[in-house]
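The values are calculated or read from the model by the stated rules, or taken from the named source; none is laboratory data. This one's a predicted model, so the numbers in the text were calculated from it and none came from an experiment. When we count neighbours, we look across all protein chains shown, and the Cβ atoms used for this are built from the backbone with ideal geometry, even at glycine. In case anyone asks, the SASA skips ligands and DNA or RNA and just uses the protein heavy atoms, side chains included. Shrake-Rupley method; radii C 1.70, N 1.55, O 1.52, S 1.80 Å.
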Amino acid sequence: MTDPFFLPVSGFELPRFAGPATFMRLPHLTPDHPRVPEVDIGLIGVPWDSGTTNRPGPRHGPRQMRDLSTMIRAENGATRIRPFERATCADLGDVTINPSDIQDSMTRITEFYARVIGQGIRPLTAGGDHLTSLPVLRAVASMGPVGMIHFDSHTDLFHSYFGGTMYTHGTPFRRAVEEGLLDPTRVCQIGVRGSTYDREDRDFAASVGIRIIEIEEFHARGVDDVMEEARAIAGSGPTYVSYDIDFVDPAFAPGTGTPEVGGPTSYQALQVVRALRGVDIVGADVVEVSPPFDASGATAYLGVQIMFELLCMMVQSDKH
């Protein structure tokens, strides 16, 4: 039975518009709080978008996602999973980043996550642009490469931007493969679409064994068939899940920096996560929510619903 200290505040006890906003109304614990070692899954914000190359704004994502997450309740209506009773969860706050220095910020992020993981806590992250995933993976994969299931309209596998800039939101997984953080034969990217600069990212994926399922194939085969293959690629080993909100069609998630039309619906956005059951998820993120492009909060709300679905899958693992 979960200690009541770690259970979310119920909307029957305090209106959802009242009280301090924390992820899913969980307790907020600073890194030095004496109860941090009891946490199984830590929800973390990374308010950072220094890797953005076009429309900035994801630095504001974690704050709006926290606010909208007050609508999350105790039970998943579709799967009947009650995650807060299966695992001890807490909001571990935001990483203190340096918005003017990419390398310093990545060091800070990795150090924060290394401390969290060193205490046996699995991280669930709200970004931040997609470069956020690289320093997180440096901590998650410190003991060896992991697999990855990646939902996105872009591969983020480019070598560089602007003639040699190696660290942008379009390069994190190229760096992660080069650094030995990802086992490319256990990586599946789903939903890729849109116009392209060239085939350099696809050629790299093919050369190292990354499986790309483009949106045309996704729509032709359907969620169940695609996700069966994704689970098979990830296998039984430790797997990271990275979810860019621009995987979803901008009709449902306009609040993002690089939208691409022709994507999944908001319902399919949840279905693909529910199909992760059985995957050994050692960490996950939802990135690229950009509140300036959706003042209504609908994109952030979808983002936190996806986080909740990811949390429900994370508590299913028998290995943790």
Taking the criterion of being assigned to a strand (DSSP E or B) and not aliphatic (A, V, I, L, M), would at least one residue in segment 64-82 satisfy it? no
Answer yes or no as to whether THR53 is farther than 21 Å from ASP244 by Cα and of a type in the set (Val, Ile, Thr). no
From the list ARG108, ARG115, ARG59, ARG55, which residue is assigned to a loop (DSSP other than H, G, I, E, B) and open to solvent by 10 Å² or more (accessible area, probe 1.4 Å)? ARG55
Would you confirm, using the coordinates I've provided, whether HIS60 is in contact with a strand residue (DSSP E or B) (Cβ under 8 Å, 6 or more places away or on another chain) and closer than 26 Å to PRO254 by Cα? no
Tell me, please, whether a residue that is under 23 Å from MET313 (Cβ atoms) and assigned to a helix (DSSP H, G or I) can be found in segment 85-100. yes
Every residue from segment 25-52 that is assigned to a loop (DSSP other than H, G, I, E, B) and open to solvent by less than 40 Å² (accessible area, probe 1.4 Å): LEU26, PRO27, LEU29, VAL39, PRO47, TRP48, ASP49, SER50, GLY51, THR52
Which of the numbered conditions does THR96 fail, given that it passes all the others? Conditions: (1) in contact (Cβ under 8 Å) with a residue 40 or more places away in the chain; (2) over 16 Å from MET307 (Cβ atoms); (3) exposed (fewer than 14 other Cβ atoms within 10 Å of the Cβ). (1)
Is segment 156-163 home to any residue that is at positive phi, buried (at least 24 other Cβ atoms within 10 Å of the Cβ) and modelled with pLDDT of 95 or more? yes
Is it the case, given these coordinates, that GLY120 is open to solvent by less than 40 Å² (accessible area, probe 1.4 Å) and within 27 Å of GLY235 (Cα to Cα)? no
Could you please tell me which pairs satisfy a Cβ distance under 6 Å, a separation of 6+ or placement on different chains, a first residue in segment 186-199 that is more than 20 Å from GLY263 (Cβ to Cβ), and a second residue that is of a type in the set (Lys, Arg) and surrounded by fewer than 15 Cβ atoms within 10 Å (Cβ to Cβ)? none
Residue among ARG186, ARG193 that is under 23 Å from VAL279 (Cα atoms) and either open to solvent by 10 Å² or more (accessible area, probe 1.4 Å) or of a type in the set (Phe, Trp, Tyr) (or both): ARG186
Residue among ALA78, ALA90, ALA74 that is in contact (Cβ under 8 Å) with a residue 12 or more places away in the chain and either more than 13 Å from PHE308 (Cβ to Cβ) or of a type in the set (D, E, K, R) (or both): ALA90
Of the residues SER142, SER153, which single one is hydroxyl-bearing (Ser, Thr, Tyr) and closer than 20 Å to VAL279 by Cα? SER142
Can VAL241 be described as in a strand (DSSP E or B) and of a type in the set (Val, Ile, Thr)? yes
Among residues of segment 281-320, those that are over 14 Å from the mean Cα position of the chain (by Cα) and within 18 Å of ALA230 (Cα to Cα), counted: 2
Please go through segment 62-72 and pick out each residue that is buried (at least 17 other Cβ atoms within 10 Å of the Cβ) and among the charged types (D, E, K, R). ARG66, ASP67
Among the residues of segment 263-284, is any modelled with pLDDT under 95 and not acidic (Asp, Glu)? no
